[in-house]
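Novice: Encoded as structure tokens, here's the structure I'll be asking about.
None of the figures in this text is laboratory data; all of them are computed from the coordinates on show. The model shown is predicted, which means the values in this text are computed figures rather than measured ones. Note: ideal-geometry Cβ built from the backbone for every residue, glycine included; neighbour counts use all protein chains shown.
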There are 2 protein chains.
Amino acid sequence: MAKYKLLVVEDDPNLGQILNEYLSLKGYETTLCRDGEEGVAAFKRDQYNLCLFDVMLPKKDGFSMAKEIRKDDKETPIIFLTAKSMKADTIEGFKIGADDYITKPFSMEELLLRIQAILRRTADKNPQFSDQKVFDFGSFHFDFDKQLLEGPEGETKLTSKESELLRLLCLHINQPLDRSVALKIIWRDDSYFNARSMDVYIAKLRKLLKQDENIQIITLHGSGFKLITDAKSSE
Amino acid sequence: MAKYKLLVVEDDPNLGQILNEYLSLKGYETTLCRDGEEGVAAFKRDQYNLCLFDVMLPKKDGFSMAKEIRKDDKETPIIFLTAKSMKADTIEGFKIGADDYITKPFSMEELLLRIQAILRRTADKNPQFSDQKVFDFGSFHFDFDKQLLEGPEGETKLTSKESELLRLLCLHINQPLDRSVALKIIWRDDSYFNARSMDVYIAKLRKLLKQDENIQIITLHGSGFKLITDAKSSE
DNA sequence: TTCCTGGTTTAACAAAAATTAACATGTTTT
DNA sequence: AAAACATGTTAATTTTTGTTAAACCAGGAA
């Protein structure tokens, strides 16, 4: 699963450093810029999932950055950080199209939770969290929406759970798919019984995929599964 | 365009009154409940676009309400209001799946802006807000107001329930339509018998839609249905 | 009023899907 | 190698959905 990319613009080297480390630790890919111009340039150059802007910045303040970005991007969430108390500023920020507004000092944990709250809502709009619906692998053709798997031996109607699991495997093709990731996405809860249920579905899919001996679901003991496309040649 | 519906749960009669008036004035349709149990009951009965919960409430506090609601609804945004300062509580709230957290005293304008910031992101997930009345899909033409479905084999007069359900499916075309969403909107109440009734209507619609084999209502077991159109051209 | 009538809900049973159980097999740890 | 644990596999059980028909219910006609 791809990482979320965050653009952090903060001129205080201390805070910048801390933000960077903390967010990386929490599994985000962060880019840190020191002033507003750098920030805007970085945003235009790369694809980010969320912006974290200090309001007071050298060269170009956070609001100006947001205005510039919002000209051609109304989507990417922006969170402002500020030392100022509230009111006028806060309101100004929201009007520009901010998604949240955090006053210093704040706890890292709160920041993280606010970031997560926002990303949760935008997740499926991000291309790397693909919404691909049709997959071709080996001699199979899989249509997620129609819940239909076509293989050498004909069509098979899949159930919802079979489809969801196969889709996740396809999205990670030749890459590991983590058990708990799959469980959280499909079953919404990583628990013992759901895990066993998933194992049952893996068995079902394996049976279906036998039609093409080059395709296989291999077990990554203790961590998950991997759908591989070149089962034969690997020996 | 339909109005956004907000569920406000606040026991302080004064603040409740003010919130209600202010938000109505700003174009929202609000339901005000005085305690947690009322609130949960209201949420289960009707479809809301956003919840505004005081944390400290009689009978059932805001967090418990959120937990209960999140069991089967991960979508509807929840904002907590609280007098307490921060930290432990805030974090607890976000973990439950809150979208924002506002400490009293707050300005009405800030509250409004935070509500707007969240609704902006969820707006397009609420297709039921569309007032579209005429739909073309596959070889069908469906007029909701006239309750008329035209297909390859001619016109069919629909009943009002058939029309409402087909409209919801059309609004979510190629996307999942949640059972409980449909039930709350059409039947105003997600209960066992209404659910069975809905299943009967799904069967009726399926029979009608057989005229075009490229159109299908897929079952999303345990969650809902999906009206799909065959995008065969993509191959 | 009573009798139709069309729409909707409820009932009853069938079928499908998902979960749980039970036991087999494999993997890691000690 | 034994113990502890994770996964494979099949079958039993439970839950959800499909389908048809009968019951119900309101509104209009006789």
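Novice: Taking only C-alpha pairs under 8 Å that are 6+ residues apart, what is the relative contact order of the range A:134-228 in percent?
Specialist: 28
Novice: Same structure, new question: In square nanometres and to one decimal, what's the mean projected area of the convex hull around the Cα atoms of chain A?
Specialist: 15.6
Novice: Counting helices only, and only those DSSP H runs with n ≥ 4, report the 222 nm mean residue ellipticity of the protein assembly as shown as the sum of -39,500 (n - 2.57) divided by its residues, in deg cm²/dmol to the nearest 500.
Specialist: For the protein assembly as shown, the value works out to -12000 deg cm²/dmol.
Novice: Now for a separate question. Are there chymotrypsin sites (Phe, Trp or Tyr not before Pro) in the range B:95-179 that DSSP puts in a loop and that have at most 15 other Cβ atoms within 10 Å, and which ones?
Specialist: Answer by residue number: B:F106.
Novice: State the answer as a single residue: which of A:T103, A:G39, A:F63 lies farthest towards the positive end of the charge dipole of the range A:5-128, with beta carbon charges of +1 for Lys and Arg and -1 for Asp and Glu, about the Cα centre.
Specialist: A:F63
Novice: May I pose another question? To test your reading of the geometry: what angle, between 0 and 90 degrees and rounded to tens, separates the Cα axis of helix B:108-122 from the longest principal axis of chain B?
Specialist: For B:108-122 against chain B, the angle is about 30 degrees.
Novice: Hey, another quick one. Between B:R34 and A:A203, what is the label-to-label distance in nm when each label sits 7 Å out along the Cα-to-Cβ direction?
Specialist: So the two model labels end up 5.6 nm from each other.
Novice: If you don't mind, another one. Find the all-direction average of the projected area of the Cα convex hull for the protein assembly as shown, expressing the result in square nanometres with one decimal place.
Specialist: 25.6
Novice: Working out 0.36 nm times the residue gap between A:V134 and A:E68, then minus their Cα-Cα distance, what length gain in nm do you get to one decimal?
Specialist: 20.1 nm
Novice: How far is helix B:160-171 tilted, in degrees, relative to the longest principal axis of the Cα atoms in chain B, given as a value from 0 to 90 rounded to the nearest 10?
Specialist: Between the helix axis and the principal axis of chain B, the angle is about 80 degrees.
Novice: Sticking with this structure for a sec: So, R0 is 30 Å and r is the distance between the beta-carbons of A:M108 and A:K184; what FRET efficiency does that work out to, to 0.05?
Specialist: Calculated transfer efficiency: 0.85.
Novice: Sticking with this structure for a sec: For B:R120 and A:E213, what is the calculated FRET efficiency with R₀ set at 60 Å and r taken between the beta-carbons, to the nearest 0.05?
Specialist: 0.75
Novice: Next question. Go through A:K5/A:K95; B:K204/B:K226; A:K133/B:K184; B:K71/B:K104 and tell me which ones have a Cα-Cα distance over 20 Å in this structure.
Specialist: Pairs exceeding 20 Å: A:K5/A:K95; A:K133/B:K184; B:K71/B:K104.
Novice: Any idea which of B:F140, B:H221, B:L205 is furthest toward the positive side of the dipole for the range B:134-228, if Lys and Arg beta-carbons carry +1 and Asp and Glu beta-carbons -1?
Specialist: Result: B:H221.
Novice: Find the all-direction average of the projected area of the Cα convex hull for the range A:142-235, expressing the result in square nanometres with one decimal place.
Specialist: Average of the hull's projected areas for the range A:142-235 equals 5.9 nm².
Novice: Along Cα→Cβ at 7 Å, what distances in nm separate the B:S197 label point from those on the other copies, shortest first?
Specialist: B:S197 label point versus its equivalents elsewhere: 2.9 nm.
Novice: Another one. About the Cα centre, and with charges only on the beta carbon of Lys, Arg (+1) and Asp, Glu (-1), how big is the dipole of the protein assembly as shown? Nearest 20 debye, please.
Specialist: 620
Novice: Where does helix B:192-209 land angle-wise versus the long Cα axis of chain B, in degrees 0 to 90, nearest 10?
Specialist: Tilt of helix B:192-209: around 30 degrees.
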